[in-house]
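Student: Attaching a single structure in C-alpha cells format; questions to follow.
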Amino acid sequence: MAKPTEYVKHIESYVDSSSSPSQQAASVDALAILLRNDLLTLEALVRELDLYLTTTDSIIRSRGILLLGELLTQLELKPLSDAAIHSLIGFLTERLEDWRALRGALVGCLALLRRKTDVGVVTENDAEAVMKSYMQYLQVQSMGQHDRKLCFELLECLLERYPNAVQPLGNELFYSICEGIDEEKDPQCLILAFHIVEVAAKLFPDPSGPFASYAADIFEILGRYFPIHFTHPKSEDIGVSRDELSRALLLAFAATPLFEPFAIPLLLDKLSSSLPSAKVESFKYLGYCAPMYGSDRMAKHGGALWSSVKDVLYTSPESALSVESESDGGMIFEESDIMVEALILLEGLMQQNSDLLLDMILGDEDINNFICSFLKPWDIHDTPLQLRQQLHSVGRLLAVSAKSSMASCNRVFEKFFPQMMEALGCSVGNHSDESFATEDRALSSRFNYGTLYLCVELLDACRCLVLGFKESTSFPDFIHEKWCCMLHGFCRSLINIFFSNLEAVSGNAQSSFAYTGVKGLQLLATFPRSFAPVSLLLFENILLKLVSAITSNFDKKFSWGLELKALVEIGLYIEGYQESEKAATFARIVVDKFVSWISSDEPAMPLSLKMQAICETGMTGISNMLRIVQGMEKAISAKFTQAYVDGNFESVELVIKVLECYSARVLPWFEMNGGSEEVAWNLAAIIWDKIDNSSSVNLTVQNYELLGAAMTAMKQAVRRCSQESQEKIVNRAFRVLSASTLFPLKDSPFATSLSNSEDSYLNHHVDRVSCRDEWIISLYASVVIALRPQTHVQNLKMVLQLFIMALTKGHIPSAQALGSLVNKLPSKTNERHLSQEYGVEEAIDVILTSSIWNFCQSNTLRKCSLFGGGNEIHNTKCLAGLNHTSVHISAIVGLAWIGKGLIMRGHEGIKDITMTFLGVLLENTNNGDFPESCDPIEGKEQEVIPLMKSAADAFHILLSDSEDCLNRNYHSVIRPLYKQRFYNSVMPLLLSSTRQSNSIITRSMLFRSFAHVISETPLSAMISEANKLIPLLLDSLSTLTEDVMHKDVIYNVILVLSAILMDKNGQVAVLENAQAIINQLIGLAAYPHMMVIRETAIQCLGAMSELPYARIYPSRTKVLQAISKALDDPKRAVRQEAVRCRQAWASIASRSLHF
Amino acid sequence: MVSNLINANPVVYEKKDRRTRSAVNDVDEYVGEPIDQQEIFDHLRDIKDPEHPYSLEELKVITEDAIEVDDNQSYVRVTFTPTVEHCSLAAVIGLCLRVKLMRCLPSRFKVDIRVAPGTHATEAAVNKQLNDKERVAAALESPNLLNMVDECLAPSYAS
C-alpha cells in the first residue's frame, strides 16, 4: 500500500491550477499506476479526494471531478466491483447538473459506460439514470466545442451500448437529440451527430413509434447539411475530411425508410442545382438510399427519378470524346462523374423495380422518337457532337435496362429489336438455308449507323446478362426467353449485316462501320456454348470472315487492328470459359491459318504484320501458342539453311523476323505463363542442327543482321533453360565448334604458352577465319554468355584459347563470353563440380598468360602487383608491335570485357588488368622522348593514340552496364557495391599517374579514363569526397576540351558536376571551389563542338547563382559577359538557357538593366 | 466602389499551345538555328499585363504575326495592340516589351517597338517615346516605373 503522502502530492499537483499541463498529466499517470498496481484502492482515493469533489469553490471542484474522470478513463481495463461502479456512476450522474464542473462528470460517465463486460459494467438502470440526467440538465449547444463533442460521444455510447435503457424514453429522447444537434457546425461534432441520428433511427424502426413523429424535425436539421460543403482549406487541420463527413450524412439519410418522404424530394430538388458536385452527391445519395427505402416507398418517385436521370443522360449529356475516339469512328465517350453516378442509380432502380422504370423508359416519347429517328440511314461523320452524345447515352440506357434481368431484357427486345431489324432490312433467318446467299436488300439499309450502334450495345448487354448467370450456379434455360428467340431468329441476318459492314471497309474506309461490324461479330462469337442462337457453324463463319478480312485489309491499319483485336478477344474468351468445341474450331480456322502464313508468300501482307497477328493470337492460350511455336520451328528449319547459306533475301528477312518474334514475345510469354523450357531448348537445338549441317556461308550485309538476330534469340533461349538443358546445349555447340576449321589445334602451341611463334601463328590463323566459323563462334559465345553459374562447360581450356584468338580479331562477343566465363566460374577448388577442370583462377591463368598481351608489357600482367607495376615499364620493345595496332586495340577491348567479368564478382585479378591499362596509358610518358628508331612523331601518334584511347575507354567498358551480357538476366555474379569498391581502389592510381605524367597526350588520356570512372560510379560513393574530386574534375574538363574527340566524355563529366551541384552534401565542396567552377563553366558555355555541353554548362551556371551572395558576387560581371555571348548562340536551346541564367545572375544584385 | 481601371473588363482569349520544335536528335551539331518569330514570341507571350492578371498573349496585345525579325540584319520590330484606344499604360507595355527583349536578345539587335497603326489615340507620341534611347534610359532610372516593369516581367509558372 502506498502511503497517503505519496499520492496526496499528486492529487494536489493536479488540482492546483497553477501547475503546468505536463505536470498535471504526469500526476494523473502516477496515480493511475498506483491504482492499477493495487498500491492504492479507489475507495481510499475517493475518500482522499472528498473535499475536492464537494467543495464550493467551483474551480477546485471541477479539477477534482476531472481528475476522477481522467483516472476512470485510464482504468478502463481494471476490474471494479459492481458496487463501486454503481456508486461512482451515481455520483457522476448527479454531477451532470453541475454545469461548472461538467467536463469531469462527462469524462467519467463516458469512461464507465464504455467499460467491457468482463471488468464490470454500468447496469441498465444506472444508464437510464444517466440518460435522464443528460436530458434534464445538458444544454449541448450552449457549451464549448470539446464539451459538445463529449456530450455527443456520451449520447452515442448510450444509444449503441444501452439500447434497452434508452428505449423507454421515446419522445423525450428525440427532443433532446434534436435540441442537441440543431445548428451544430463543428465537423468533428457533426460526424458524431450524424452517427447518433443513424443509430437512433435504427433503434426505433417502428413507423408509428416515437421516431416517426420526430422524423420530420430531425430531417429538417440534417437536410440543411446536404450537400456537404467545406470551407476549410485543408482537411488535415480539423481531422475530418469532406468525404468522411459526406459518408456519415449518407448513412444517416439511409438509416430509416421513415426519412423517405423528406429525403427524396430534397435530393431531387438538389439535382436541379447548377453545382456539378451537388448533382454528383445527389445521385450518389439517391443510389444509396433507394434500396434502403424499399421499392414500395420509391415507386411514387419513379417518374421524378426517371426524368432527372433522363435529363442528365439524354437531354444534356456531358460526356467527352475520348482521346482515341477519332480513330474509333467518333463514338467512344468518357462519361462525366454525374453521368456515371446517374447510371449507377439507374442500375440500382432497375434491380429494385424494373417494371415500373421500364414502363417509363420504354414509354418515353423522346427516347422513342430519338430511336426512330435513327432508323433512317445517316452518316456518323455529318452528325453533330450532341447527337452522337445522345446516341451514346441512349445506348447506355438500353444496355443498363436490358442487363438488369431476364424479364427486362425481354421487354427491351420486344420493344425495339423488331423495329431495328426492320430498319436494317433483316428478316427472320431461314434455318434451312445454310449458305450465306446474298439477301436482296438495299445496301443503304445496312449502313444505318445509329441502329447498328444500339444493336451492338444491346448485344453486349444480353451477353453480360448471360455471362452473369453463368458465374452463379443457377443457370436458367434462356432458350425459351423471348429475347433469346428473337435473337435466334435474326442472328443470321445480323451476321450478314456485320459482314457487309466489314466488306464496306474494303471499299471505302468507313472506320465507324468497321467498328460496329467487328464488335458485333466479336460479341456474337463470344456467347456461351449453351446459348443456341450462335451455332458452331455460325461461329465458324464469323471466324472465317474475320480471318479473310485480316488477310485482305492489311493496308487499312485501323480496321486491321480492330479485326485482330476481335480475334484475340474471342480467343481469350474461349480460353477463359473453357469452350472446348469452339477452341478446336478457333485453332483450326484462325491459328492454323495464321501459322500457314509464316512460310508461304500468301497473303501479300507485310511480314511484320503477319508476325504481329501470329504472336497476338498465340498469346491467347498455351495450346494456341504451342501450335504457333511448332509453325515457327518448322519455318526456321525450312528457311534457315537457305537464308544462311545462300543469303536468299526473302528467307533472310523471314528468319530474322521469326527469331525476333521468339526473343521479344514468344520466350518472354512462356516465361510469364509458366510454360516449359522445351520451347527455348528446341529453338537452340534447331539453330545448332542447321549450322552443323551446312558447310559454307555467304557473307552479305543481311547475313550480319541474321547473325545478330540469331545471337539474341540464342541468348534469350539459353538463359531460360535449366542447368541440365544448358549443359546439353553447350555440349552440342562444342561438338559443332570442334568440327569446324577453327579447331586444328588440339595440341597446338596454345597450350605451351608464351612463344614468339604463337603470336604470329595467332595472327595468321585469325586472318582466315571463314564466315561459317564466325557464325559458329558467335553463337557459341552467345550460349556461353547466357549460361547459369552452375552450368559446367566442357573443354574449357580450348574454349578459352579459342575465344582469346577470336577477340584479337576484334570479335566482341568472344570477349563478352570470356568475361561471362570468368564471372561465373566457381572460385575455389572444393566448391567445384568434380568433373570441372577449371576454376576461375586457372581460367585467369590461361587467359592472362596468353601471348597476345605481350605488346603491352604483358609480362607485367602476371608479375606486376598493384604498386610495383609501374616501375617495370621501361621496356621500349613495346613499340615493336606497332604494325599490329588493330590487334592490340582488340586485345585491350577484350581484356576490358574480361575485367568487367572479374570486377563484377569482386575478384582480385582486376588489379592486374587495371595496371595493364594504366601501363598502356603511361608507356608514352615513361619513355620520355620517343625512341630514335621510331617513325616521325606524326606517324607514331597515329599508331599510339588509338591504342591509348582504347585503353582509356576500357574503363568505360569495365564500369558501364551492358545490355548484351553480364547482367542479371544472364545470371551474372554481381557483388554489391562493386563499382564503389573499384572507384576507391583505382582513383589513387589514376591521380598519382596524372600528377607524374607530363605529356599532354598521356594526361588527356588519363583524364579520359578518370572521366569514365566518375561518370559510371554512383554519385553517393563520390559525394563524401567531393571537395577533393572537384579540382580534379575541373582539371579534366580543361584538359579534355583541347581535343574534339573527347566531347562525349566531357558531356558525361559535366553531368557529374551538375549532379554534385544539385546534391546537398556536394554544395559545401562546390562553395569552396566556386570561383574555379564558374571559370570552367564559362569556358564550356562556349564549347563549339556539342550543343548539350553548352546547354548543361549554362544550366550549371544558373544553379550556381543560388549560392551565397558573398561567394559568387565577384564573378557576376564575368558570368554576365559570358552569358551575353551565349545569347547569340547558334542553337536555340542554348539561347533559352542563357536567358534564364542571365536573369538569375542579374537579379542577385539588382534587377536593373545595368548589369 | 467605382473602378479606376482603364479597361475594366478586357476580352480574354485562349492561350495558344506551345509548339514543340521538331526533334533535334539527328540535326547537324554545327548548323545554326536563326532567331525567328516564334522564339521572340516565346520570350514575350508571358509578360503580364500591367493592370490585369493575364498575359499579353491572352489579351492579344501581341501576336506572333505582329513580330518581324531578321537575324542576319539583327533587326526586330514588335507591333503591339493596346486593348483600348486611350490606354495610358501603352507606354508601360511598350517599355516592358523593350526591356524583355534587351534582356533576351544579343546586343547586336536593333529593337523597334510600335503601337499598331490606328489602335491608339496618341500613337505617334507613344512610338516616339518608346524608341527614344534617352527617354527609355531615363524611364528606367525611375524606381517606380522599374518596379512596375519588373513585376510584369517576373517569371510566371509557364516560362
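The values are calculated or read from the model by the stated rules, or taken from the named source; none is laboratory data. As the structure is a computational prediction, the values presented were derived from the model and not from experiment. Cβ: placed from backbone, ideal geometry, glycine included. Neighbour counts: every protein chain shown.
Student: Here are A:100, A:63: which of them is at pLDDT 85 or above, of a type outside the set (Val, Ile, Thr) and under 28 Å from residue A:132 (Cβ atoms)?
Tutor: Matching residue, one of A:100, A:63: A:63.
Student: If you don't mind, there's one more thing I want to ask. State the number of residues belonging to the stretch B:47-72 that are within 14 Å of another protein chain (Cβ to nearest Cβ) and over 13 Å from the mean Cα position of the chain (by Cα).
Tutor: The number of residues fulfilling the criteria is 3.
Student: Select, from A:834, A:848, A:807, the only residue that is under 22 Å from residue A:889 (Cα atoms), surrounded by fewer than 23 Cβ atoms within 10 Å (Cβ to Cβ) and either out of contact with any Pro (no Cβ under 7 Å at 6 or more places or on another chain) or modelled with pLDDT under 80 (or both).
Tutor: A:848
Student: Moving on to the next point. What are the residues in the stretch A:400-410 that are over 33 Å from the mean Cα position of the chain (by Cα) and either at pLDDT below 80 or not basic (Lys, Arg) (or both), if any?
Tutor: Residues satisfying the conditions are A:401, A:402, A:404, A:405, A:406, A:407, A:408, A:409, A:410.
Student: Quick check on the stretch B:123-155: of everything there that is within 20 Å of residue B:56 (Cα to Cα) and either surrounded by 18 or more Cβ atoms within 10 Å (Cβ to Cβ) or touching a Leu at 6+ places or on another chain (Cβ under 6 Å) (or both), which residue is nearest to the other protein chains (Cβ to nearest Cβ)?
Tutor: Per the criteria, the residue is B:146.
Student: Another question, if that's okay. Name the one entry in A:265, A:205 that is out of contact with any Cys (no Cβ under 7 Å at 6 or more places or on another chain), outside any helix (DSSP H, G or I) and over 17 Å from residue A:338 (Cβ atoms).
Tutor: A:205
Student: Follow-up. Give me the residue from the stretch B:31-46 that is within 8 Å of chain A (Cβ to nearest Cβ), without any contact (Cβ under 8 Å) to a residue 60 or more places away in the chain and assigned to a loop (DSSP other than H, G, I, E, B) and, out of that set, surrounded by the fewest Cβ atoms within 10 Å (Cβ to Cβ).
Tutor: Looking at the filtered set, the residue picked out is B:31.
Student: What do you reckon, is residue A:80 within 21 Å of residue A:15 (Cα to Cα) and of a type in the set (A, V, I, L, M)?
Tutor: No.
Student: Could you check the stretch A:18-53 and list, in sequence order, the residues that are of a type in the set (Ser, Thr, Tyr) and surrounded by 12 or more Cβ atoms within 10 Å (Cβ to Cβ)?
Tutor: If the condition is that a residue be of a type in the set (Ser, Thr, Tyr) and surrounded by 12 or more Cβ atoms within 10 Å (Cβ to Cβ), then A:19, A:27, A:41, A:52 are the ones that fit.
Student: Sticking with this one: Of the residues in the stretch A:112-136, how many are crowded, with 17+ Cβ neighbours inside 10 Å and either without any contact (Cβ under 8 Å) to a residue 24 or more places away in the chain or closer than 15 Å to residue A:81 by Cα (or both)?
Tutor: 7
Student: Here is a further query. Checking residue A:1084 against (1) under 30 Å from residue A:976 (Cα atoms); (2) more than 36 Å from the chain's Cα centre (by Cα); (3) at pLDDT 90 or above, which single condition isn't satisfied?
Tutor: (1)
Student: For residues that are within 11 Å of chain A (Cβ to nearest Cβ) and in contact with a strand residue (DSSP E or B) (Cβ under 8 Å, 6 or more places away or on another chain), scanning just the stretch B:90-122, find the one that is surrounded by the most Cβ atoms within 10 Å (Cβ to Cβ).
Tutor: B:105
Student: Can you tell me how many residues in the stretch A:550-586 are in a helix (DSSP H, G or I), farther than 20 Å from residue A:628 by Cβ and in contact with a Ser or Thr (Cβ under 8 Å, 6 or more places away or on another chain)?
Tutor: Adding up the residues that qualify gives 3.
Student: Would you mind listing the helices (runs of 4 or more DSSP H) fully within the stretch A:1061-1155 where at least 2 residues are surrounded by 16 or more Cβ atoms within 10 Å (Cβ to Cβ) and within 12 Å of another protein chain (Cβ to nearest Cβ)?
Tutor: Output list reads A:1091-1104, A:1116-1126, A:1132-1146.
Student: For residue A:1011, indicate whether it is under 23 Å from residue A:900 (Cβ atoms), surrounded by fewer than 17 Cβ atoms within 10 Å (Cβ to Cβ) and touching a helix residue (DSSP H, G or I) at 6+ places or on another chain (Cβ under 6 Å).
Tutor: no
Student: Shifting gears a bit: Of all the helices (runs of 4 or more DSSP H) wholly in the stretch A:603-714, which have at least 2 residues that are under 21 Å from residue A:772 (Cα atoms)?
Tutor: A:622-641, A:649-661, A:678-693
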